[in-house]
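Here, each number is a calculation from the coordinates, and none is a lab measurement. Values in this document were obtained by computation on a predicted structure and should not be read as measured data. All Cβ positions, even for glycine, are placed from backbone atoms using ideal geometry, and neighbour counts span all protein chains on display.
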Amino acid sequence: TADAVHRLRQIQSQDGKLIKISVVAKGCAGGAYRLDYLTPPAGKFDEVVEQDGVTVVVDSRSLMKVIGSVMDFQEDVLASRFVFENPNVVSTCGCEESFAT
């Protein structure tokens, strides 16, 4: 989304690092998103996605779990975070911290 692009642009302009998205084993539903800073270049098999002047790297082992997802950035008085609308999710845990694909 435009909010995610704006926040990613801020991050990349500060230190030149990229954001790498992975899905890791976590929580009661099995998987959770993990975002890490990455100094270029990306791994040999990682997917590099460029949109609207920003670059995001997707971990090669996670690609099929996040393909087709929309990344957003949300802020409120309590927190700021990237969130994902993922068409591959078939279930989430009660607290929505983890998901299954």
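The set of residues from the range 66-99 being in contact with a Phe, Trp or Tyr (Cβ under 6 Å, 6 or more places away or on another chain) and in a loop (DSSP other than H, G, I, E, B) comprises Ser69, Val89.
For the range 1-65, the strands (runs of 3 or more DSSP E) that sit wholly inside it and include 3 or more residues that are touching a residue at least 12 places away in the same chain (Cβ under 8 Å) are 18-26, 30-38, 54-58.
Pairs meeting the criteria (first residue in the range 70-91 and free of Cβ contacts under 8 Å to residues at least 40 places away in the same chain, second residue surrounded by fewer than 10 Cβ atoms within 10 Å (Cβ to Cβ) and not β-branched (Val, Ile, Thr), beta carbons under 6 Å, at least 6 apart or on different chains) are Pro87/Gly68. The residues of the range 36-60 that are within 22 Å of Ser98 (Cβ to Cβ) and loosely packed, with under 15 Cβ neighbours inside 10 Å, listed by number, are Asp36, Ser60. For the range 8-28, the set of residues classified as over 16 Å from Ser69 (Cβ atoms) and surrounded by 13 or more Cβ atoms within 10 Å (Cβ to Cβ) consists of Arg9, Ile11, Gln12, Lys17, Leu18, Lys26, Gly27, listed by residue number. Among residues of the range 71-101 being of a type in the set (A, V, I, L, M) and either closer than 23 Å to Thr39 by Cα or touching a Gly at 6+ places or on another chain (Cβ under 6 Å) (or both), the one that is surrounded by the most Cβ atoms within 10 Å (Cβ to Cβ) is Met71.
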